[in-house]
Amino acid sequence: MSKGCSTAGKCVQDLRRSGDAEGAFTLIELLVVIAIIAILAGMLLPALAKAKTKAQGILCMGNGRQMMTAWRLYVDDYQDKLPSAYQGPGEWVSGDLDFSSGNPSNWDIERDLMKSPLWPYCGGTAGIWKCPADKSTVKPASGAYAGRVMPRVRSISMNAWFNGSDAAAFGPAGFLVYKKMSDLIDPGPSMTWAFLDEREDSINDGEFVVGMFGYPDHPSQWRMVDYPASYHNRAAGFAFADGHSEIKKWQDPRTCPVLKKGQGLSLNVGSANNPDVFWMMERTTRKTN
């Protein structure tokens, strides 16, 4: 027995006290550990968020390819004729999206999607009509889904210059409105987009308008008629007429205004010298020769 212990019991108590003192964290040490964890979390979480949006972008491109396959099968079955982007023969989808609780087009796939001429070519898959990163919802006021928060059914829109009835109103005279697949000569199928993901606060009817005002060399006249999505780290998914898909990252902050949930954007606004507007115009249509 050591000299410092008068009894066995006292030695055990002394050892316990000594062990407690040596094994415990001080308040400063705990605060340092918490600070390190917070720093690591701050470094990792943005990276994880970007990885998630990148994965959603890959899914979005897959959806675009599937929709383009459906579009091409339709074109082949209908003697090269393109479905209409808006109020024309074979309108690809009807119905307008908004944030109204009384508009079934927002949440009911039977309302518009299943009546689309492309629906039979989609394999009955409603998921390809919407980007997985679009989280917009509505709460129906009546019907079977009354009071439930429902996801909106569509985020994709078609190029208005693909047989759209009002496309020519969004530019000077002389720009091509494509009516047949064989019309897609300039700039060609690999450079002409057919579908894109539109912002939840911009999307309404089934067409996406790229105004050709001032194209190509009067940048003071360029306009943002409708707004593309920016869900994928400030980028949007495009599907082109040759069947390939791309994710385009936006450069100008005017292309990605702050999202206000449940509110619509002001559309058809001037966007002079915006390189993103020019990029879309380059891949939308051309003037007739």
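The values are calculated or read from the model by the stated rules, or taken from the named source; none is laboratory data. Note that the structure is a prediction, hence the values are computed from the model and not measured. Backbone-built Cβ (ideal geometry, glycine too); neighbour counts: all protein chains shown.
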Near pairs, Cβ below 7 angstrom, 6+ apart or cross-chain, from region 222-239 (basic (Lys, Arg)) to any residue that is at pLDDT 95 or above and not in a strand (DSSP E or B): 223/211; 223/213; 223/268; 223/271; 234/250; 234/256
Does residue 247 satisfy the condition of being over 20 Å from residue 288 (Cβ atoms) and touching a helix residue (DSSP H, G or I) at 6+ places or on another chain (Cβ under 9 Å)? yes
In region 198-218, which residues are in contact with a Phe, Trp or Tyr (Cβ under 7 Å, 6 or more places away or on another chain) and not hydrophobic (A, V, I, L, M, F, W, C)? 198, 199, 202, 205, 206, 207, 211, 214
Per the list (1) surrounded by 14 or more Cβ atoms within 10 Å (Cβ to Cβ); (2) in contact with a strand residue (DSSP E or B) (Cβ under 8 Å, 6 or more places away or on another chain), residue check on residue 190 breaks on (1)
Taking region 102-127 and keeping residues of a type in the set (Gly, Ala, Ser), assigned to a loop (DSSP other than H, G, I, E, B) and exposed (fewer than 15 other Cβ atoms within 10 Å of the Cβ) leaves 102, 123, 124
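Okay, residues lined up against (1) in contact with a Gly (Cβ under 9 Å, 6 or more places away or on another chain); (2) hydrophobic (A, V, I, L, M, F, W, C); (3) over 21 Å from residue 267 (Cα atoms):
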position: 143; (1), (2), (3): no, no, yes
position: 154; (1), (2), (3): yes, no, no
position: 167; (1), (2), (3): no, yes, no
position: 174; (1), (2), (3): no, no, yes
position: 187; (1), (2), (3): no, no, yes
position: 223; (1), (2), (3): yes, no, no
Spot the failing condition for residue 266; the list is (1) without any contact (Cβ under 8 Å) to a residue 60 or more places away in the chain; (2) in contact with a strand residue (DSSP E or B) (Cβ under 6 Å, 6 or more places away or on another chain), and only one is missed. (2)
Does at least one position in region 133-148 carry a residue that is without any contact (Cβ under 8 Å) to a residue 12 or more places away in the chain, surrounded by 16 or more Cβ atoms within 10 Å (Cβ to Cβ) and on the phi < 0 side of the Ramachandran plot? no
In region 213-239, anything in contact with a Pro (Cβ under 8 Å, 6 or more places away or on another chain) and surrounded by fewer than 22 Cβ atoms within 10 Å (Cβ to Cβ) is listed as 213
Among the candidates 268, 274, which residue alone is over 16 Å from the mean Cα position of the chain (by Cα) and either surrounded by fewer than 20 Cβ atoms within 10 Å (Cβ to Cβ) or closer than 20 Å to residue 83 by Cα (or both)? 268
Residues being under 21 Å from residue 209 (Cα atoms) and of a type in the set (A, V, I, L, M): count how many of those fall in region 85-127. 5
(1) farther than 19 Å from residue 235 by Cβ; (2) out of contact with any helix residue (DSSP H, G or I) (no Cβ under 7 Å at 6 or more places or on another chain): which one isn't true of residue 198, the others all being true? (1)
Can you confirm whether region 248-258 contains a residue that is in contact (Cβ under 8 Å) with a residue 40 or more places away in the chain, surrounded by 15 or more Cβ atoms within 10 Å (Cβ to Cβ) and closer than 27 Å to residue 136 by Cα? no
Does residue 68 count as in a helix (DSSP H, G or I), aliphatic (A, V, I, L, M) and in contact with a Ser or Thr (Cβ under 7 Å, 6 or more places away or on another chain)? no
